[in-house]
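First the structure, in the form of structure tokens, and then the observations on it.
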Amino acid sequence: MSSARPPGPNGRPNDPARRAIDAVPGIPRDREGPVFRAPWEAQAFAMALALFDRGLFTWPEWAATLADEIRRAQAAGDPDTGETYYRHWLNALERLVASKGVSDASTLARYREAWDHAAGRTPHGAPIELRAEDFKQEP
């Protein structure tokens, strides 16, 4: 039995990951689909799919923002070996979320710092959980 989803009503693939792969060139993949080097990459991919499905952006808008992030990184010296692809993906996601008014850049930075703090105190292999102490207290 095939696990593939039938096409959607417009004839395009009904699987969100397949739609992303078809719409956004450069996604690291193998024959089965997207390939992730770390769990956070898969989470960033999933967040982008969820926000796309909610109508926050179109795939052409996403692809243009991602391409711009990659160009910025290359101009700043990123060697473009593929290892930083999902860093660009995350930067593009944050940029779109801020530009669409879902969150602002300072809130995104606050959560990024809290996540880094939580990751630093979490034993390898354990789930990372944000706690109140992970957030810097505002003066």
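Only the coordinates and a few stated rules stand behind these numbers; no lab work does. This is a predicted model, so every value here is computed, not measured. Cβ sites come from the backbone with ideal geometry, for glycine too, and all protein chains shown count toward neighbours.
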Fully extended, how many nm does the chain gain between residue 31 and residue 115 (0.36 nm per residue separation, minus their Cα-Cα distance)?
27.0 nm
Footprinting proxy, 62, 89: sorted fewest to most Cβ within 10 Å, the residues are 62, 89
Spelling out what I want: for every residue of the stretch 28-41, take phi, set θ = phi - 60°, compute 6.51 cos²θ - 1.76 cosθ + 1.60 (Karplus), and round to whole Hz; glycine and proline get x.
x, 8, 10, 5, 8, x, x, 10, 10, 8, 8, x, 5, 5
From the phi of every residue in the stretch 73-87, what ³J(HN,Hα) in whole Hz does the Karplus formula 6.51 cos²θ - 1.76 cosθ + 1.60 yield, where θ is phi - 60° and glycine or proline is x?
5, 5, 5, 8, x, 4, x, 6, 8, x, 6, 9, 3, 6, 5
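What is the extension gain from residue 130 to residue 108, computed as 0.36 nm multiplied by their sequence separation minus the C-alpha to C-alpha distance, in nm to one decimal? Numbers along the way, then the final one.
On the way: separation 22, 0.36 × 22 = 7.92 nm, distance 1.40 nm.
Contour length minus the Cα-Cα distance gives 6.5 nm.
Would you order 102, 97 from fewest to most other beta-carbon atoms within 10 Å of each residue's own beta-carbon?
Details: 102 13, 97 20.
Result, fewest neighbours first: 102, 97.
Using r as the Cβ-Cβ distance of residue 18 and residue 87, and R0 as 22 Å, what FRET efficiency do you calculate, to the nearest 0.05?
Working: r = 23 Å, r/R0 = 1.07.
Working from the Cβ atoms, E equals 0.40.
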